[in-house]
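Novice: Here it is, the structure in full.
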Amino acid sequence: MGIFLYFSSYNKYHIMKSLPEKTIERLSEYRRTLFRCMEEGKTHIFSHELADMQNITAVQVRRDIMFIGYASQGRKGYNIVELIRAIAIIIDPADVLNLAIVGYGNLGRAISSYLLNKRPMLKLVASFDIDPKKIGSGKSVVECYSIERLREVIASQNISVALLTVPADAAQQMTKALIGSGVKGILNFTTHNINVPDDIYLEEFDMITSLEKVAYFVKLGKPPAAGVKS
């Protein structure tokens, strides 16, 4: 299990703490839900409401929020704007992180459209492909460069995170090129499990595995109990 380090600014002193990966995931999910609640006109929310929306227990919600040093306002519950701000302080980078998509096919284009202006501290600045028809095309959501310019563009645009959407048989070779170009984090959307050094953070998302998990519970006739996802 990976550990994320952060400084808590909700304490009197800046104390270094650590957060497990699953806690980071839940905090991100809380924030997305809180944004939706805010758009619906809500100003406060209770832990059991947030838990119901996330299909987990209220105890887990309270534990996560207490862990980042934020407290509810008694009978009114959590102030949504303040809680969003508290989560942002914990999980957002101190400075804007520049991202790139490597492999600008259907999946790459769909992801770039989805990510555009989604989070102000995560900025999609480039994409890469080998297809000459895509390179420099005005139809791209983000500038598409030749893969041959990978090292140059990553350095000039200060790109630290790459989203990998290349064909599976090219995944490991492209990973090596990205790491050699200075990328520090990779989100792998290919079906090939890739290897990275210990100082590179890797997150792998396999749509087929997720789909098969859904299919399994459909076959079973019932989903796992709320809060039970191990």
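Novice: If you scan segment 186-207, which residues turn out to be in a strand (DSSP E or B) and either touching a Gly at 6+ places or on another chain (Cβ under 8 Å) or on the phi > 0 side of the Ramachandran plot (or both)?
Specialist: Once the filter is applied, which keeps residues that are in a strand (DSSP E or B) and either touching a Gly at 6+ places or on another chain (Cβ under 8 Å) or on the phi > 0 side of the Ramachandran plot (or both), segment 186-207 yields TYR201, LEU202, GLU203.
Novice: I need every pair where a residue in segment 165-179 that is touching a residue at least 24 places away in the same chain (Cβ under 8 Å) and more than 12 Å from LEU150 (Cβ to Cβ) has its Cβ under 6 Å from the Cβ of a residue that is hydrophobic (A, V, I, L, M, F, W, C) and part of a loop (DSSP other than H, G, I, E, B), sequence separation at least 6 or different chains.
Specialist: Matching pairs, first to second residue: THR165/PHE189.
Novice: Mind listing just one residue for me: the one in segment 72-95 that is out of contact with any Ser or Thr (no Cβ under 8 Å at 6 or more places or on another chain) and open to solvent by 70 Å² or more (accessible area, probe 1.4 Å) and, of those, modelled with the lowest pLDDT?
Specialist: GLN73
Novice: Filter segment 128-139 down to the residues that are surrounded by 17 or more Cβ atoms within 10 Å (Cβ to Cβ) and out of contact with any helix residue (DSSP H, G or I) (no Cβ under 6 Å at 6 or more places or on another chain), then identify the one that is modelled with the highest pLDDT.
Specialist: The selected residue is ASP129.
Novice: Another one. Among the candidates VAL183, VAL153, VAL161, single out the residue that is in a loop (DSSP other than H, G, I, E, B), surrounded by 14 or more Cβ atoms within 10 Å (Cβ to Cβ) and β-branched (Val, Ile, Thr). Full working, then the answer.
Specialist: Values: VAL153 fails: in a loop (DSSP other than H, G, I, E, B); VAL161 fails: in a loop (DSSP other than H, G, I, E, B).
Among VAL183, VAL153, VAL161, only VAL183 is in a loop (DSSP other than H, G, I, E, B), surrounded by 14 or more Cβ atoms within 10 Å (Cβ to Cβ) and β-branched (Val, Ile, Thr).
Novice: Turning to a different aspect of this structure: Taking ILE45, is it farther than 24 Å from ALA171 by Cβ, open to solvent by less than 30 Å² (accessible area, probe 1.4 Å), in contact (Cβ under 8 Å) with a residue 40 or more places away in the chain and in contact with a Phe, Trp or Tyr (Cβ under 7 Å, 6 or more places away or on another chain)?
Specialist: No: the conditions fail for ILE45.
The values are calculated or read from the model by the stated rules, or taken from the named source; none is laboratory data. Not measured: the values here are computed from a predicted model. Quick reminder, even Gly has a Cβ in these numbers, built from the backbone with ideal geometry, and neighbours come from all protein chains shown. For the accessible areas, the whole protein counts, side chains as well, though only heavy atoms, and no ligand, DNA or RNA atoms are used. Shrake-Rupley method; radii C 1.70, N 1.55, O 1.52, S 1.80 Å.
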